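A.B. asks: Here you go, one structure.
The values are calculated or read from the model by the stated rules, or taken from the named source; none is laboratory data. Just so we're clear, the structure is a prediction, and the values are computed from it rather than from any experiment. Backbone-built Cβ (ideal geometry, glycine too); neighbour counts: all protein chains shown. Areas reflect the complete protein model, heavy atoms only, side chains present, ligands, DNA and RNA absent. Shrake-Rupley method; radii C 1.70, N 1.55, O 1.52, S 1.80 Å.
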Amino acid sequence: MEIGDTKENIVIVGGGICGLATALALHRKGIRSVVLERSNTLRATGAAIIVHPNGWRALDQLGVASHLRETAIPILSGQFHSLNNDELKEMPVGKEELRCLKRTDLVDILANSLPRNTLHFGCEVLSIKLDPITSSPVLQLQGGRLLNAKVVIGCDGVNSAISNMLGVKAEKIFTISVTRGFTSYPNGHELGSQFRLTKKDDTQVGQLPMTENLVYWFITRKYTCQDSIASKSQKLVRNLALDSVESFPTSIIEMAKNCELDSLHLTEYLRYHAPWDTLRRRFREGTVVLAGDAMHAMGPFLAQGGSACLEDAVVLARCLARTIHIDRNARGTKMQVEEAFDEYLKERKMRILRLSLQMYLIGKMLDASSQFVKFICIILLAVLFSDSHGHTRYDCGSL
């Protein structure tokens, strides 16, 4: 689909979870926007998304939670099994709602809830600059087209063209690879409603029930040079997954062996924004602002990346609607929009800082080879985040 005009009021760059959720949140507030997605179809990288209570609060505000609850069973308990010493213990999962959704289910319901002609495929943004006279954003699209906008919201992920323009790039990496996938069990699986985490040395296997017949699983381990080769073929990804769990229980080996090949996704290493970036960098320039992974890419160690994107969408739409005067075309003065974005960033900063710091300490603990560094991370986690599930009780508020 092509954009029929060369000028738009509010342009959202990126048609992933954050971009679609932001467009839907704005729509719920009566504000029109367009979403530019570089691919030719909806994208849902990563197989599944674990949604904690804070994510469900945001989905309730977006009006899509009820439908999504029908697609996944609640996870009620957790179990940790260390194969190094055969330790088996209960793993708290919190007392509130926890479910694991197919990313395609989430992306589809967000997209289908938008007005027609909101989402535009095949629109890759190559660069963005501010007009020297009006200070309005000008986007250069693939093919040489220019698109003038009053407002640009960068939701284009960890490799964001918009964040590059603002000098906010996720340059840090953890040398940890993550393999994700689904396995179907026609006769039912043995997990019930339990999340299981099995660990041996530097390799962890997580298993989460989605339905009575479908399990989402992930494998985290140290990055190897084989990952770059394997990522080009899902059969190679499966073979690498099997190699990673060859000394794990038979049930886990069979799970990897019988996985749905098309669902497999390998992340070679994990890029993230360091916690201190949240304090020292600006995430807005004029009427250009960032949201989602473009602003706060984080590892999967808290399973909060997707939910944080949903929170961003709700808070941003609320601030924009409250600050600018809304008419049929959602116009507002440049100063009003900037004030709205500053309010949004002020509200999100401490939330993102705490999530990023907790994620960083867990990731550093898993990634470090030094036992001293691991020990320091454990101490800091115990002191700063004694309530390990406190991040799930956050409430982004009403739209």
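A.B. asks: Mind listing whichever residues of the range 93-104 are acidic (D, E) and either open to solvent by less than 50 Å² (accessible area, probe 1.4 Å) or in contact with a Phe, Trp or Tyr (Cβ under 6 Å, 6 or more places away or on another chain) (or both)?
C.D. replies: E97
A.B. asks: So, one more: In the range 344-372, how many residues are in contact with a helix residue (DSSP H, G or I) (Cβ under 7 Å, 6 or more places away or on another chain) and either of a type in the set (V, I, T) or outside any helix (DSSP H, G or I) (or both)?
C.D. replies: 3
Residues are listed down the side, and each one gets a yes or a no for (1) free of Cβ contacts under 8 Å to residues at least 40 places away in the same chain; (2) crowded, with 21+ Cβ neighbours inside 10 Å:
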residue	(1), (2)
K129	yes, no
R145	no, no
N148	no, no
V152	no, yes
A170	no, yes
H189	yes, no
S193	no, no
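A.B. asks: Give the range 276-291 a look and list any residue that's crowded, with 20+ Cβ neighbours inside 10 Å and assigned to a helix (DSSP H, G or I), or say none.
C.D. replies: Within the range 276-291, D277, T278 meet the criteria.
A.B. asks: Pick from the range 81-92 the residues that are touching a residue at least 40 places away in the same chain (Cβ under 8 Å) and outside any loop (DSSP other than H, G, I, E, B): which of them is surrounded by the fewest Cβ atoms within 10 Å (Cβ to Cβ)?
C.D. replies: This residue is S82.
A.B. asks: Another one. Need a quick list: strands (runs of 3 or more DSSP E) entirely within the range 151-236 having at least 2 residues that are charged (D, E, K, R).
C.D. replies: Once the strands (runs of 3 or more DSSP E) in the range 151-236 are filtered for at least 2 residues that are charged (D, E, K, R), what remains is 194-200, 214-222.
A.B. asks: Moving on to the next point. In the list M365, M298, which residue meets the criterion of being modelled with pLDDT under 95, surrounded by 24 or more Cβ atoms within 10 Å (Cβ to Cβ) and not acidic (D, E)?
C.D. replies: After ruling out the rest, the residue left standing is M298.
A.B. asks: Which condition from (1) more than 17 Å from V205 (Cα to Cα); (2) buried (at least 18 other Cβ atoms within 10 Å of the Cβ) is the one that S66 breaks?
C.D. replies: The one condition S66 does not meet is (2).
A.B. asks: Scanning for something part of a strand (DSSP E or B), under 25 Å from L355 (Cβ atoms) and either open to solvent by 50 Å² or more (accessible area, probe 1.4 Å) or not hydroxyl-bearing (S, T, Y) (or both), does the range 243-265 turn up at least one residue?
C.D. replies: Yes, the conditions are met somewhere in the range 243-265.
A.B. asks: Find all pairs meeting these conditions: Cβ atoms under 9 angstrom apart; at least six residues apart or on different chains; first residue within the range 67-80 and charged (D, E, K, R); second residue part of a strand (DSSP E or B).
C.D. replies: Matching pairs, first to second residue: R69/R99.
A.B. asks: Could you please find all residues in the range 47-63 being of a type outside the set (D, E, K, R) and open to solvent by 10 Å² or more (accessible area, probe 1.4 Å)?
C.D. replies: Hits for the range 47-63 are A47, I50, H52, P53, Q61, G63.
A.B. asks: For residues in the range 109-120 being crowded, with 16+ Cβ neighbours inside 10 Å and over 12 Å from V35 (Cβ atoms), which is nearest to the chain's Cα centre (by Cα)?
C.D. replies: Ranking the candidates gives I109 first.
A.B. asks: Consider E347 against the criteria (1) farther than 30 Å from D86 by Cα; (2) more than 20 Å from the chain's Cα centre (by Cα); (3) of a type in the set (D, E, K, R): it satisfies all of them except one. Which criterion is unmet?
C.D. replies: Going through (1) farther than 30 Å from D86 by Cα; (2) more than 20 Å from the chain's Cα centre (by Cα); (3) of a type in the set (D, E, K, R) one by one, E347 breaks only (2).
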